[in-house]
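Single-structure report; data block below.
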Amino acid sequence: MTLAEIARQVGATPQGNAQTEISDVAPIERAVFGQISFVANAKYNRHVETTSASALVLLPDVPCSRIPTLRHLNPYLTFAKIIDLFYPEERRVPAGVHPSAIVDSGATVDPSAGIGPMVHIGTGSRIGRDSQIMASAFVGGDVRIGERCLIYPGVRILDDTIIGNDVIIHPGVVIGSDGFGFARTDRGMHKIKQVGWAEIQDNVEIGANTTIDRGALGPTVIGAGTKIDNLVQIAHNVEMGKNCIIVSQVGISGSTKLGDGVVLAGQVGLVGHIELGSGVQVGAQSGVSRSIPSGESWFGYPAREIHQSRRIVAVQDRLPDLWKRLLRLEKKVGVTSDESGE
Amino acid sequence: MTLAEIARQVGATPQGNAQTEISDVAPIERAVFGQISFVANAKYNRHVETTSASALVLLPDVPCSRIPTLRHLNPYLTFAKIIDLFYPEERRVPAGVHPSAIVDSGATVDPSAGIGPMVHIGTGSRIGRDSQIMASAFVGGDVRIGERCLIYPGVRILDDTIIGNDVIIHPGVVIGSDGFGFARTDRGMHKIKQVGWAEIQDNVEIGANTTIDRGALGPTVIGAGTKIDNLVQIAHNVEMGKNCIIVSQVGISGSTKLGDGVVLAGQVGLVGHIELGSGVQVGAQSGVSRSIPSGESWFGYPAREIHQSRRIVAVQDRLPDLWKRLLRLEKKVGVTSDESGE
Amino acid sequence: MTLAEIARQVGATPQGNAQTEISDVAPIERAVFGQISFVANAKYNRHVETTSASALVLLPDVPCSRIPTLRHLNPYLTFAKIIDLFYPEERRVPAGVHPSAIVDSGATVDPSAGIGPMVHIGTGSRIGRDSQIMASAFVGGDVRIGERCLIYPGVRILDDTIIGNDVIIHPGVVIGSDGFGFARTDRGMHKIKQVGWAEIQDNVEIGANTTIDRGALGPTVIGAGTKIDNLVQIAHNVEMGKNCIIVSQVGISGSTKLGDGVVLAGQVGLVGHIELGSGVQVGAQSGVSRSIPSGESWFGYPAREIHQSRRIVAVQDRLPDLWKRLLRLEKKVGVTSDESGE
C-alpha cells in the first residue's frame, strides 16, 4: 500500500514521497524498512531522527524531513486506523456449534453465531447474530448475549446476565458471581442470597480476569461504551455510566454509582454507596471514601481534590525540613519542653 | 404470600394491612406494586416516603404510615430471610456424573453428588454427599471435598486440598497453587518446592478469581465461617481463624496469622510473618507491616492504630496552612535562613 | 535417609548424631519425630529449643545441642535442596495427547510432551519436548512453547505467544490478552487493535490468575529467570529484565521497562512509560510515577527514595505533636490570626 493510499483512507495529510510503499505497522523503536510508525507523546520525539521506519504519523508541528510523514491533529487515532487497514478483523470461531460444545436444548443460538469447543450454554440463554464464543467459555442459564460479541476462552457468564451488542470479554472474566453480602447473627454470618443480575451494555470491553458481581437485588450495570481493564473488581449493584475508563486492579464497592465518562486510574479503590459525577477523574492508587461532584479530579489516600492533594504532597516532601525548622524556632523563642524530644 | 405469613416466618412485627399480598423482593429504588423492600442504612430513609413498594422492612423507630411495614431490630437479616422465602435454594447439578466429565477411576464420588460437564477429578479424590461441581471445574488428585459444597465453573482445586462441608467457591478461584518461594543462589533463583497443602474449613465462601496458595510445608488454613471476596491473594502458610471477613483485592503475605473475626477492608495488604489478633479490623487500602493486638482497629499507609491515624490525617489536611504559618513565625521571630526557600 | 547422607547430598556440615534417620520435611512448629526442619529467620529461633523435629538446618552460629543439626551459611537454600530429595519432581501429564483434547491438525506436539484432558491447541502452535499441558488449558494459534514447561489447568495462552524452556505457569493465568488501548473520538472510544505479542523467556514462573497483555505493536517481554506471583497485571509493551521478583497484586502500566533483578513488593503500582534500572527495589503498596536509577530502593505513595521516605514517615507520626507545638509557638510569639482556627 502506498503512503498516498493510506493517507486517503485515514484522512491524513501526506508530506514527502507519497508513493513510498508501506507493508506493516511497528513501534517507533523497532520499526524497519517498509514499516510505518507514529509519535503521539512528545517524550518519544527524539526517535523521529533515528527511526528506521519508512514513514511516520506525526502532529503537524513536529519537524521531520528525513522520511515521508502523514500529518494529523490526532496521530494516535490516525495510526489506530492504519493498524485496522493492515490487520482487518478476522472471524475466530466459525458459524455453528462445535461438536464438543454442550448447548442445552432450551438455549437459542443464532445460526451465524460461532460456539467453540468445550463451551457450555445453559437453558433459556440466547446468543445473537455473529457473536463468537471461544473455547471452554461457560454461559449459564437465561443469559442474553447480543450481536457481534466476542467472548474469549474461559470466560464465565453466570445465570441471568444481559449482554448487549459488540461487547468484547477477555479470558478469565467472571460476570454475575454472587456479591459479598452477609448479615451478622448470633451464630455466624447469614448469606444474603444474591438474586439480582448483571447488565453489560453495548460496546463495552472487559479485561482479563476481571470480576463483575450480580446485584443483590436488581442489576449491576456497566454503561455503553465503557472500557474496563484487567483484574478489576466491580461489586454488586454498582451502576456505571457510559464511556467510563476503568484501569486495571481498580476495586469498586457495592452500590456505588459512576456517571458518564468517569476515569479511574490503576489500583484505585472506591468505598460503597457513594456517587462519582460525570467526568470525574481519580488518580492511580487513590482511596475514595466520599462522593465526588461532576467534573472534578481527585487524588491521594485518602483522596482529596487534586490541587489540594498536590499542595499537601509538596509539603510532605519537606516534612523533615519543616520539623528541623520548628525545633530551631522553639530554641530561638526559648520554648523548652519535655515534649520536644523523641 | 401475605405480609402476615411473611412476618410469621421471619419473626418480625407487622404494622398496617397484614393481608397485603407480596410476590417478590426488590431494592427500594426499583420496587413496584406487589414487592417488598427494606431500609437498614439511614442514608436511604428518604426513599421511605416515595418508594412504590407494597411493603417495607424497617427499624422499629423509622416513621412510615403510607404503606404496611414489618418491624425488626435487624432489618437486613430479616430481609435476607424474606429473600430466602421467595428464592429457595435450587440444585444446580443433578446427582451423578455428566458423561463429558473425566473422573479418575481412583476417585470416589458420593452418588448424591453432582459432577457437571467437562469437570476433571483426579485419582484419590473424594467428593462428599450432595456436593455440586459445576462445568469445567478442575479437581486434582487426593483432594477431599465435604458435603453440600457448591463449586462454580472454572474453579481449580489442586492436589491435596482439604475442603470441609457447606463451602461455596465462586468461578475462577484457584486453591492449592504453589506459594512464591525461591532461594537466591549464585546462578539465579532456586525454587522452593511447595509440598504443603491448603485446608478450607466448613462454611467458608470464596469469591471469584481469588487465589489461595498451598503451604510450602504444612497447610494454609482458612478457618470455619470465614468469607473471602473476589480477587483476594492468600499466600503460603497463612493461617486464618474463624468468621473472618476479607474484602476484595486484599493481599496476605506468607505465614501471617489471623485470629477469629478479623475484618480486612478492600485492597488491604499485610506483610508476611505477622499476627493479627482476634477481632482486629483494618481499614481499606491500609498497608500493615506489624502485628496487631486483638480487638484493635488500624488504618493507613503505613497502617497505625485508627485514632492516631485519624489525628495524622487531620493535620495532613492542613499541611499547606501549617507551612505558611511556620514561614510567618520565622519572619516574626527574625530567623533568616538559606534553608527557608524552595 | 540418614542425616549423614542428606548432609553429603546438599553439602552441609552435620553436628550431633549423623546416623539419625530422617523420613520427611516439616515446618518447625509442626515437625515431629523423624522430620527435619530449619530456621533461616531469627524471628523463629525461639522454636529451636522446643521443636519436636529430629534434626534442624541452622546457620553456623545458632546454638543448638539438643538435637542433631546441619549447618550452612544459607539454611533456606540448603533446606530447599533437602525438600527436593524427599519430593522428587513427578510427571503430571503422561506423554501423548489425551483423547478429549482438541489439537488442531496444523499444530505440532513433540511426542514426549503431555497434553491433558480437554486442552485446546490451535493451528500453527508448537509444543516442545517434555512439556506438560494440564486439563482445560487453552493454547491459541501460532504459539510456541519450549521444552520442559509446566502449564497448569485453566491457563489461557493466546495467539502468537512465545514461551521459552522450563517455564511454569500456574492456573488461571492469561497471556497475550489485548492491551488496554483506545483513542478518543467524537463518537466514543476507538479500540487500538493490539497486534503485538507476548514473549516469556526461559525459567520464568508465573503465579495463579496473573494477566500479561500482548504488545500493542511489538512484544511484551518477561526476561529469563523472572518470577511473578499471583494476580499481577502486566500491561502491553512492558519489558522486564532477567531475574526480577514481582510479588502478588503488583500492576505495571504500559511500555514501562524494568532492568535485571528488579524487586517489586506486593501491590506496588508503576505508571506507564517509565524505566526502573537494574537492581531497583520498591516497597509494598508503593505508587511509582517516575523512573528510578539502577540500584536504588524506593517506597511510599507517592514513592520516594527510601531514606527520604522514612524521614517523612517519621515526621508524619509526630504531626499531631508538631501541630500543637506550632500553636504554642504562635501564642508565645504573639501571632494572632484569623487563620489560626479551623
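The values are calculated or read from the model by the stated rules, or taken from the named source; none is laboratory data. Quantities reported herein were computed from a predicted structural model and do not represent experimental measurements. Virtual Cβ from ideal backbone geometry, glycine too; neighbours counted across all protein chains shown. When the accessible area is computed, the model is the full protein with side chains, heavy atoms only, and any ligands, DNA or RNA have been set aside. Shrake-Rupley method; radii C 1.70, N 1.55, O 1.52, S 1.80 Å.
Structure data summary
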item	result
Two-site label geometry, B:Thr50 and A:Ser297: point separation in nm, points 7 Å out along Cα→Cβ	3.3 nm
Low-density loop cleavage sites - trypsin sites (Lys or Arg not before Pro) in segment C:77-177, where at most 12 other Cβ are within 10 Å (DSSP)	C:Arg91
Scattering curve values for segment C:1-53, log₁₀ I(q)/I(0), Debye with Cα scatterers, q = 0.14, 0.31 Å⁻¹	-0.36, -1.22
Choice from A:Glu205, A:Glu21, A:Glu90 with maximal GNM fluctuation in chain A (Cα, 10 Å cutoff)	A:Glu21
Peptide-level mean, for B:229-241, of C-beta atoms on other protein chains within 10 Å	5
Where N is the number of residues in segment B:1-102, Cα Rg divided by 2.2 N^0.38 Å	1.30
Nm distances between copies for C:Arg310, ranked from closest, using label points 7 Å along Cα→Cβ	3.2, 3.2
Test item: A:154-163 mean partner chain Cβ contacts at 10 Å	4
Shielding by partners, peptide B:200-213 (average Cβ within 10 angstrom, other chains)	5
Segment A:246-288: Rg to Rh, with Rh as the Kirkwood radius over Cα pairs	0.91
16 Å cut-off, amide nitrogen to a point 7 angstrom out along B:Glu5 Cα→Cβ, residues in segment B:71-91	B:82-88
Estimated FRET transfer efficiency (B:Val62, B:Ser105; beta-carbon r; R0 51 Å; 0.05)	0.25
Accessible solvent surface per residue of the protein assembly as shown, calculated while the other protein chains remain in place, 1.4 angstrom probe, Å²	38 Å²
Stokes-Einstein D for segment C:197-321, Kirkwood Rh over Cα pairs, 37 °C, 0.692 mPa s (µm²/s)	227 µm²/s
Rg and Dmax [Cα atoms of segment A:188-232; Å; Rg one decimal, Dmax integer]	12.7, 42
Range of Cα positions in segment B:73-213 per principal axis (Å), largest first	64, 44, 19
Nearest-first distances (nm) between copies at C:Ser291, label 7 Å from Cα via Cβ	4.5, 4.5
Order by protection proxy (mean Cβ within 10 Å, highest first), peptides A:248-260, A:306-318	A:248-260, A:306-318
Candidates C:Lys227, C:Lys43, C:Lys242: whichever shows maximal mean-square fluctuation once chain C is modelled as a Gaussian network with Cα springs under 10 Å	C:Lys43
Cα-based Rg and Dmax for segment C:54-132, where Dmax is the largest Cα-Cα distance (Å)	21.9, 64
Taking the convex hull of Cα positions in segment C:170-261, its mean projected area over all directions (nm²)	5.6 nm²
Cβ-vector label at 7 Å, A:Val333, separations to other copies in nm	0.6, 0.6
Chain B: Rg to Rh, with Rh as the Kirkwood radius over Cα pairs	1.12
Total lysine pairs whose alpha carbons fall under 19 Å of each other in chain C (8 or more apart, or interchain)	5
Accessible area of segment C:3-86 belonging to carbon and sulfur atoms, whole % at 1.4 Å probe	53 percent
Globularity index of the protein assembly as shown, i.e. its alpha-carbon radius of gyration over 2.2 N^0.38 Å	0.98
Chains B and A together, accessible area buried on both sides, 1.4 angstrom probe, square angstrom	5600 Å²
Chain B: most fluctuating residue of B:Ile36, B:Ile168, B:Ile222 per GNM, C-alpha cutoff 10 Å	B:Ile36
Mean residue ellipticity (222 nm) of chain B, computed from DSSP H runs ≥ 4 via -39,500 (n - 2.57), nearest 500	-4000 deg cm²/dmol
